[in-house]
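Worksheet: the structure to be examined is printed underneath.
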Amino acid sequence: MTDRPDTPLLDQVTTPADLNQMSDAQLVQVAHELRAETISAVSETGGHLGAGLGVVELTVALHAVFDAPRDKIIWDVSHQCYPHKILTGRRDRIRTLRMKDGLSGFTKRSESPYDPFGAAHSSTSISAALGFAVARDLGGVCDTGHGDAIAVIGDGAMSAGMAFEAMNNAGHLKKRLIVILNDNEMSIAPPVGALSSYLSRLYAGEPFQELKAAAKGAVSLLPEPFQEGAKRAKEMLKGMTVGGTLFEELGFSYVGPIDGHDMDQLLPVLRTVRQRATGPTLIHVTTKKGKGYAPAEAARDGGHATARFDLVTGKQKKTPSNAPSYTKVFGDALLHEAARDDKICAITAAMPDGTGLNLFAERYPSRCFDVGIAEQHAVTFSAGLAAGGMKPFCALYSTFLQRGYDQVVHDVAIQRLPVRFAIDRAGLVGADGATHAGAFDVAFLANLPGFVVMAAADEAELKHMVATAAAHDEGPIAFRFPRGEGQGVEMPEQGEVLEIGKGRIIQEGARVAIVSFGTRLGEVKQAAEALAARGITPTIADARFAKPLDAAMILDLAATHEAMITIEEGAVGGFGSHVAQLLADNAVFDAGLKFRSMVLPDIFIDQSSPADMYSVAGMNAADIEAKVLDVLGVAQIKGKRA
Ligand SMILES: Cc1ncc(C[n+]2csc(CCOP(=O)(O)OP(=O)(O)O)c2C)c(N)n1
């Protein structure tokens, strides 16, 4: 392990309490070593790099000044928590980040008492911290005791509605609560929106902390050396009108902006706030994403997320792929449709690259909208666009669409507005774990009257579904596709408009019909090959639609087979449940059809490779084969013979 960094001081830190004994100069050195250790670990594991590097000094300062786990440090999104994990007793496992049975890439209550609140979706930290603050004041009992509640939230996450809802409530409740706004002028992509411009204005030019604090009487929250300047500024300001910051208007004391890489600013400000804060206080810290690692600093996204990489060159170690990613296929297919129809527009919630809309944004900037981390708004904005005569494609990850669910029901479905939902990362996603699994969208969309819900079985099917969605003006329509590469199938020149509610037969067989919804079809085909060796040829169908179901096809298969198995990359309540309902309603079970539905198990599956997660879920080819044998009673007979 010779290429591990030399970290003599960090080696002495096993819990944050060890930092309390250190001088400020030593804390600077610890930060330096912590940065090196973080870079070294992520070069081995891959993961979120840039955000963590940006908060190294802040992490050390917070743990040196506050008393976790009694004080609750709540990291928003928590993709920046690796340095925090290293300081809080998890350094020995830091090189297992995001791996099976390893550390989660996010904070997780079950992992450590130093993670008082789990996250991964953004903008929840202020609400959670306020909850802790109120619980503390009402005498709530917490294993780790009660102290300060501190939310650390990025400028990107701060733009979401939830953050404002929480500040609105916090300003009203007036509880002691500390919010640290980590402003690196980056989201994953460059941040968008009026709040982002506002924050930039807050520190354009003058020594803002002195003026604003003076104007609002927050001088006492500044450490001594700053106070002098602030008093002078106050004198200067007499007779002038200075508006409060937005945060002050919401009832927070505002301190900042301060340089989040300068311990000489961080430590005294945090100490003073700790000593003197009475109500909600916001400390505005400016940082640089990817700080201290040149390749991350230079990257377009500040090194937001990375594969494993070479420490010296920064070059990422990715396995080359043969097929295009589903995301890329979607992005290209939408471009194709948009070239033919100028009413098509695209909406992303802060993920232009992740959703493949980056190309669309370049080609048709006036028809592409990055609305910031604001899924609820993205959905209703799309509904408005549809009502106004446009053809909006609202491109969200399955897991983030969850946040816009009422908008899907209330604004889109009830009004039967033709919003096209492109649902990426549908199914299990691997290293990001349970928080990012796209497990529920089929269940929560297919039960909505008038919704069309499709799943692509491969990348060619995805292209057809984009064309189908573009052509569908009668109401809402959604298509889902997984993370990762396609199957390598031949791509059609032009997407074909599919008949709504019509599945397709992939293979004619006998005795058992496997009806697949989505990309498990590949595993089903593999299972069929293995079954052929046993003389069993299942019929295979690709349902394409969970809503409306191809009732004729399914009932026909039920009538001509002794058993039926459905499979989908989703939780119970989705495609298989709708098929079961159809069969029950048509008295098919009365006639003795054997029916099994393969869905994700009723657990949240921890991070691992997607293939391994699917094996935990029992959804790989071998599991499908076993299910067929089981439903046909073959396994038992074999067992009896043995
Ligand atoms: C609800 C939700 N939508 C989208 C995301 C994807 N996402 C993860 S981090 C991130 C950017 C966060 O930016 P910021 O808060 O400024 O933190 P930074 O990464 O710049 O430190 C986004 C959009 C998410 N985690 N949660």
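Below, the figures for the structure above:
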| item | result |
| --- | --- |
| The range 180-191 - residue that is within 18 Å of the chain's Cα centre (by Cα) and closer than 26 Å to Asn169 by Cβ and, of those, nearest to the ligand (Cβ to nearest atom) | Ser187 |
| Filter result (more than 16 Å from the ligand (Cβ to nearest atom) and within 19 Å of Thr399 (Cα to Cα)) within the range 333-368 | Ala346 |
| Flag if Ala611 is under 23 Å from Met454 (Cβ atoms), among the hydrophobic types (A, V, I, L, M, F, W, C) and either at pLDDT below 95 or assigned to a strand (DSSP E or B) (or both) | no |
| Lone qualifier among Gly475, Gly450, Gly430 - being under 30 Å from Thr96 (Cα atoms) and part of a loop (DSSP other than H, G, I, E, B) | Gly430 |
| Residues of the range 13-22 satisfying the condition of being at pLDDT 95 or above and either assigned to a helix (DSSP H, G or I) or crowded, with 21+ Cβ neighbours inside 10 Å (or both) | Val13, Pro16, Ala17, Asp18, Leu19 |
| Selected residue (only one of Leu10, Leu53 is buried (at least 24 other Cβ atoms within 10 Å of the Cβ), farther than 17 Å from Asp264 by Cα and either touching a residue at least 40 places away in the same chain (Cβ under 8 Å) or within 16 Å of the ligand (Cβ to nearest atom) (or both)) | Leu53 |
| Checking Asp264 against (1) surrounded by fewer than 22 Cβ atoms within 10 Å (Cβ to Cβ); (2) modelled with pLDDT of 95 or more, the condition it does not meet | (2) |
| Hits in the range 307-332 - residues which are hydroxyl-bearing (Ser, Thr, Tyr) and either within 16 Å of Glu297 (Cβ to Cβ) or at pLDDT below 90 (or both) | Thr313, Thr319, Ser321 |
| Any hit, the range 107-117, residues being within 16 Å of the ligand (Cβ to nearest atom), of a type outside the set (S, T, N, Q) and at negative phi | yes |
| Residue that is away from the ligand (no atom under 15 Å from the Cβ), hydrophobic (A, V, I, L, M, F, W, C) and over 30 Å from Gly430 (Cβ atoms), where the choices are Ala41, Ala25, Ala36 | Ala25 |
| Answer from Ala31, Ala51, Ala25 - the residue that is over 23 Å from Ile150 (Cβ atoms), modelled with pLDDT of 95 or more and not in a loop (DSSP other than H, G, I, E, B) | Ala25 |
| Given (1) surrounded by 15 or more Cβ atoms within 10 Å (Cβ to Cβ); (2) among the hydrophobic types (A, V, I, L, M, F, W, C); (3) more than 19 Å from Ala552 (Cα to Cα), index of the condition Ala611 fails | (1) |
| Residues satisfying the stated conditions in the range 152-179, i.e. part of a strand (DSSP E or B) and within 12 Å of the ligand (Cβ to nearest atom) | Val152, Ile153, Gly154 |
| All positions within the range 112-128 that are without any contact (Cβ under 8 Å) to a residue 60 or more places away in the chain and buried (at least 23 other Cβ atoms within 10 Å of the Cβ) | Asp115, Pro116, Thr124, Ser125, Ile126 |
| Of the criteria (1) under 23 Å from the mean Cα position of the chain (by Cα); (2) farther than 30 Å from Ala298 by Cα, which one Arg70 fails | (1) |
| Options Ala533, Ala552; residue that is hydrophobic (A, V, I, L, M, F, W, C), within 16 Å of Ala622 (Cα to Cα) and exposed (fewer than 15 other Cβ atoms within 10 Å of the Cβ) | Ala533 |
| Any hit, the range 321-340, residues being part of a loop (DSSP other than H, G, I, E, B), in contact with a Lys or Arg (Cβ under 9 Å, 6 or more places away or on another chain) and either in contact (Cβ under 8 Å) with a residue 40 or more places away in the chain or not acidic (Asp, Glu) (or both) | no |
| Inter-residue pairs, beta-carbon under 8 Å, first small (Gly, Ala, Ser) and in the range 389-409, second near the ligand (Cβ under 9 Å from one of its atoms), 6+ apart | Ala395/Met351; Gly404/Glu375; Gly404/Leu396 |
| First in the range 177-195 and under 14 Å from Lys288 (Cβ atoms) and acidic (Asp, Glu), second anywhere and more than 8 Å from the ligand (Cβ to nearest atom) and part of a strand (DSSP E or B), Cβ under 9 Å, 6 or more apart | Asp183/Gly256; Asp183/Pro257; Asp183/His284; Asp183/Val285; Asp183/Thr286; Glu185/Thr286 |
| Residue check for Pro352: more than 25 Å from His410 (Cβ to Cβ) and touching an Asp or Glu at 6+ places or on another chain (Cβ under 7 Å) | yes |
| Every residue from the range 70-100 that is in a loop (DSSP other than H, G, I, E, B), of a type outside the set (Ser, Thr, Tyr) and within 14 Å of the ligand (Cβ to nearest atom) | Asp76, Val77, His79, Gln80, Cys81 |
| Any hit, the range 540-548, residues being small (Gly, Ala, Ser), surrounded by fewer than 23 Cβ atoms within 10 Å (Cβ to Cβ) and free of Cβ contacts under 8 Å to residues at least 40 places away in the same chain | no |
| Pairs where the first residue, in the range 274-292, is closer than 17 Å to Ile153 by Cβ and the second is of a type in the set (Phe, Trp, Tyr) and not in a helix (DSSP H, G or I), C-beta under 7 Å, 6+ apart | Pro280/Phe252; Thr281/Phe252; Leu282/Phe252; Leu282/Tyr254; His284/Tyr254; Thr286/Tyr203 |
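Every residue, every condition in (1) among the small types (Gly, Ala, Ser); (2) buried (at least 18 other Cβ atoms within 10 Å of the Cβ), yes or no:
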{"residue": "Ala333", "(1), (2)": "yes, yes"}
{"residue": "Glu337", "(1), (2)": "no, yes"}
{"residue": "Leu357", "(1), (2)": "no, yes"}
{"residue": "Ser366", "(1), (2)": "yes, no"}
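Conditions (1) in contact with a strand residue (DSSP E or B) (Cβ under 8 Å, 6 or more places away or on another chain); (2) under 20 Å from Tyr293 (Cα atoms); (3) buried (at least 22 other Cβ atoms within 10 Å of the Cβ); (4) not aliphatic (A, V, I, L, M), marked per residue:
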position: Arg4; (1), (2), (3), (4): no, yes, no, yes
position: Glu57; (1), (2), (3), (4): no, yes, yes, yes
position: Ile73; (1), (2), (3), (4): yes, no, yes, no
position: Thr96; (1), (2), (3), (4): no, no, no, yes
position: Asp101; (1), (2), (3), (4): no, no, no, yes
position: Thr107; (1), (2), (3), (4): yes, no, yes, yes
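Conditions tested, residue by residue: (1) charged (D, E, K, R); (2) over 25 Å from Cys345 (Cα atoms); (3) out of contact with any helix residue (DSSP H, G or I) (no Cβ under 8 Å at 6 or more places or on another chain).
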{"position": "Phe421", "(1), (2), (3)": "no, no, no"}
{"position": "Thr435", "(1), (2), (3)": "no, yes, no"}
{"position": "Ala439", "(1), (2), (3)": "no, yes, no"}
{"position": "Leu448", "(1), (2), (3)": "no, no, no"}
{"position": "Val453", "(1), (2), (3)": "no, no, no"}
{"position": "Asp458", "(1), (2), (3)": "yes, no, no"}
{"position": "Glu461", "(1), (2), (3)": "yes, no, yes"}
{"position": "Val466", "(1), (2), (3)": "no, no, no"}
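The values are calculated or read from the model by the stated rules, or taken from the named source; none is laboratory data. Keep in mind the model is a prediction, meaning the values are calculated, not measured. Cβ sites come from the backbone with ideal geometry, for glycine too, and all protein chains shown count toward neighbours.
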